[in-house]
1. Need pairs with beta-carbon distance below 6 Å; first residue touching a residue at least 12 places away in the same chain (Cβ under 8 Å) and within the stretch 261-283, second in a strand (DSSP E or B) and crowded, with 16+ Cβ neighbours inside 10 Å; sequence gap 6+ or separate chains.
2. Test residue 267 against the stated conditions and say whether it is more than 18 Å from residue 207 (Cβ to Cβ) and touching a helix residue (DSSP H, G or I) at 6+ places or on another chain (Cβ under 6 Å).
3. Looking at this structure, is residue 169 in contact with a strand residue (DSSP E or B) (Cβ under 9 Å, 6 or more places away or on another chain), more than 11 Å from residue 237 (Cα to Cα) and in contact (Cβ under 8 Å) with a residue 40 or more places away in the chain?
4. Could you please let me know if residue 166 is within 21 Å of the chain's Cα centre (by Cα), surrounded by fewer than 15 Cβ atoms within 10 Å (Cβ to Cβ), at pLDDT 95 or above and under 21 Å from residue 277 (Cα atoms)?
5. Residues being in contact with a helix residue (DSSP H, G or I) (Cβ under 7 Å, 6 or more places away or on another chain), on the phi < 0 side of the Ramachandran plot and not in a helix (DSSP H, G or I): count how many of those fall in the stretch 145-176.
6. Can you spot a residue in the stretch 173-182 that is surrounded by fewer than 19 Cβ atoms within 10 Å (Cβ to Cβ) and assigned by TED's automatic domain parsing to the domain that holds residue 67?
7. Residues that are crowded, with 19+ Cβ neighbours inside 10 Å, over 22 Å from residue 219 (Cα atoms), within 14 Å of the chain's Cα centre (by Cα) and touching a residue at least 40 places away in the same chain (Cβ under 8 Å): does the stretch 4-17 have at least one?
8. Where in the stretch 1-110 are there strands (runs of 3 or more DSSP E), lying fully within it, with 2 or more residues that are in contact with a strand residue (DSSP E or B) (Cβ under 6 Å, 6 or more places away or on another chain), within 22 Å of residue 150 (Cα to Cα) and outside the structural domain of residue 246 (by TED's automatic domain parsing)?
């Protein structure tokens, strides 16, 4: 995918968001969460594609607050410059960037060997980079625990926080509206069609067939159309093949009042805010902007 390259950061921007892709480039879970955080910003922000982050660009913008989301396209020199110049930077960790595959499960799938990336140069660099961040926001408690387990020194820094996925208020209203206006469901379970390896369509279908669950595959439509379609189902079956840190699909189904059949790779599924009612979950999610920007404190 061809993405634009930026060479100048406007002087009026106080915060620079760095990401491989933004919602206008690709409508994925991480991109939608990043967009929602941006939407809640109390100050001027600028979107910078990760491939555009250079040492020179950092040196010309030392007074900015930097927010790094997905950053696989960033040059190592750019990241090092953020640290050595004392820039204020915050990380939003959507997956597991210490691993060269960004997932220990995918690592095992691709190589046939257990992931030990936390012991090599990539893992040690990510650990050091995160330890020096002003804040690191994780998507779920289990994701944060996994990082702290692998990097005990990181835990001692005390800059880790749980954010979860984030929605714009307008989308939360849309989700609760589907729940409150639905008079009945179609009696079937929904299974996500397509998606990346982690969404595990084939294995989830096999599970449904073994359990005798009546299901449909849904997907391949614009975001809001997808939410409307999903809201008509009895429930969602979602069995990811590896750690899925805080899948939006699952939370959206919860907010629309669907039943959930999940496996333990859905890493937020036991968190207190999620195990209660849809109303409790919605209340928690409405506080995401305050939790994030209150910590970043721009």
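The values are calculated or read from the model by the stated rules, or taken from the named source; none is laboratory data. Because the structure is predicted, anything quoted here is derived from the model rather than measured. Glycine also receives a Cβ, built like all others from the backbone with ideal geometry; neighbour counts cover every protein chain displayed.
1. Taking only residues 6 or more apart or on different chains, the pairs are 261/237; 262/238; 265/244; 266/244; 269/262.
2. On the way: more than 18 Å from residue 207 (Cβ to Cβ): yes; touching a helix residue (DSSP H, G or I) at 6+ places or on another chain (Cβ under 6 Å): yes.
So residue 267 fits the description; yes.
3. Values: in contact with a strand residue (DSSP E or B) (Cβ under 9 Å, 6 or more places away or on another chain): no; more than 11 Å from residue 237 (Cα to Cα): yes; in contact (Cβ under 8 Å) with a residue 40 or more places away in the chain: yes.
So residue 169 fails the test.
4. Values: within 21 Å of the chain's Cα centre (by Cα): yes; surrounded by fewer than 15 Cβ atoms within 10 Å (Cβ to Cβ): no; at pLDDT 95 or above: yes; under 21 Å from residue 277 (Cα atoms): yes.
When the stated conditions are applied, residue 166 does not pass them.
5. 9
6. Among the residues of the stretch 173-182, not one is surrounded by fewer than 19 Cβ atoms within 10 Å (Cβ to Cβ) and assigned by TED's automatic domain parsing to the domain that holds residue 67, which makes the answer no.
7. No: zero hits.
8. Numbers: elements: 15-19, 45-49, 65-68, 88-93.
By residue number, 88-93.
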